[in-house]
Each structure stands twice: as structure tokens, then as C-alpha cells.
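These notes are about the structure you will find just below.
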Amino acid sequence: MGGCNTKDSAVSEPKKSKGGASNITAFKTADELTDFDTFFNKDTKSELSKCLTKEIWEEYKDKSCAKGVSFKTCIFSGVKNQDSGIGVYAGSHDSYKCFNKLFDQVIQNYHGHGLTDTHKSGMTSDELVNHELSEEDAARIVSTRIRVGRNLEDFPLGPGVTKEQRLEIMAKVTQAAETFDDDLKGTFYSLEGMSKEDQQKLVDDHFLFK
């Protein structure tokens, strides 16, 4: 997928595909998206390019979701980065409803999750069935990791969040994490102000990526 810029982020330099064509368009901001016919190259294959019709564009182009994130912001990365796989990113939880004619189709195509489907959630380990490993297979396993991502209520998602809001989110999460005890207790490392030694150790331990 193409990069997903926040309100505060800078635009990357153009990249070239193997054929020499630019994968990154000349649009510098979401506000520059005005002419639908100029959004996609002929060989663009993103879900955004497949699902965004001119009719949907005309209906949503001047709208924003409940958190103030515009439709243009949600689609900007996919128009900017022509090699995106998806190309559209919700600016808040409300974006899925506010711009449903686009998001519903993308979700159906990519996840196979239709409008009448329901999400099945199991938050306990009671129904887990462990696979019995041979001694040889078990010996190959050094460590395992489960990554769980959650979004905070009352904050926009990635495309629409500002740096100030990110700092507020960081403060709330670290305050909550400081209440953890026993094996859940850990150390928080802020990206800003992190020492080179700590950075390298986190990279080496696969907790931080370059």
C-alpha cells in the first residue's frame, strides 16, 4: 500500500516503477484534489481506483466526517501513491458511515465482508485449540508474539490525527500502562528523545523497525 500521511506530514519524493512511470502523482495536498479525471493512471489497480466512481466523488468531495476529517483526506494517499493496494484510509470511526458508499465496497472486495455480515469476536482463550508439536518442531520455536492494535475513542484515526492529538494519545496510553503490575509491567520508550543505544537495542530485539 502507499504511504498514509497525517495532517502534519510531508510529501515523499516521486518514485519510479520498473517501467519508468512515476508511482507518485504531482498532488501535494488533499485540497488539490478537484478534477476526478486526473486522479488515476491507466495502470492503477488499487481498490480506491476500482471503487471510487465519479458519482461517489461528487457526493462526498466537499464533506467531512464527525471528527472533521475530509473525504479528500481519506482518499489522498491512494491518489498520491498510484501503487497502493487499498488507497483509502478512514479518518475516524465515523468515516465508515459518512462515506459508506466507498468504504462498504472496498471492504467487500478486500475482506469479503458484506453489509449483512456480522463480526465474530472471541476475547478469551477458552475456545483456543493448541496444535501438538513434535519435539523437533517445538525446538525450532525461539519466541512468539501477538500484536494487538486498538484505537482510542474520541480521536481521529491516522489520516486525520494531528501531532498534538498524537501526543495526547501517547500521554493517555502511558498513564494507563503505568498501572500494570507483575509480568505486564514494562518500560515506555518515546521516539522523540530516545538514545541511539536504546533505539538499536529495540531494533535488534524486533520491537522497533528502521
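What the table shows:
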read-out: Selection status of LYS45, within 16 Å of PRO159 (Cα to Cα) and either out of contact with any Pro (no Cβ under 6 Å at 6 or more places or on another chain) or not hydrophobic (A, V, I, L, M, F, W, C) (or both); value: no
read-out: Residue tally, condition more than 14 Å from CYS74 (Cα to Cα), acidic (Asp, Glu) and touching a residue at least 12 places away in the same chain (Cβ under 8 Å), over segment 43-57; value: 1
read-out: Condition check for LYS54: in contact with a Phe, Trp or Tyr (Cβ under 9 Å, 6 or more places away or on another chain) and exposed (fewer than 14 other Cβ atoms within 10 Å of the Cβ); value: yes
read-out: Considering residues of segment 161-210 that are in a loop (DSSP other than H, G, I, E, B) and of a type in the set (Lys, Arg) only, the residue modelled with the lowest pLDDT; value: LYS210
read-out: Residues satisfying the stated conditions in segment 93-123, i.e. touching a residue at least 60 places away in the same chain (Cβ under 8 Å) and not in a helix (DSSP H, G or I); value: HIS93
read-out: Hey, GLY149 under 18 Å from the mean Cα position of the chain (by Cα) and either in a helix (DSSP H, G or I) or not assigned by TED's automatic domain parsing to the domain that holds PHE71 (or both) or not; value: yes
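The values are calculated or read from the model by the stated rules, or taken from the named source; none is laboratory data. For clarity, every value in this text was computed on a predicted model and none was experimentally measured. Please note: Cβ atoms are built from the backbone with ideal geometry, for glycine as well, and neighbour counts cover all protein chains shown.
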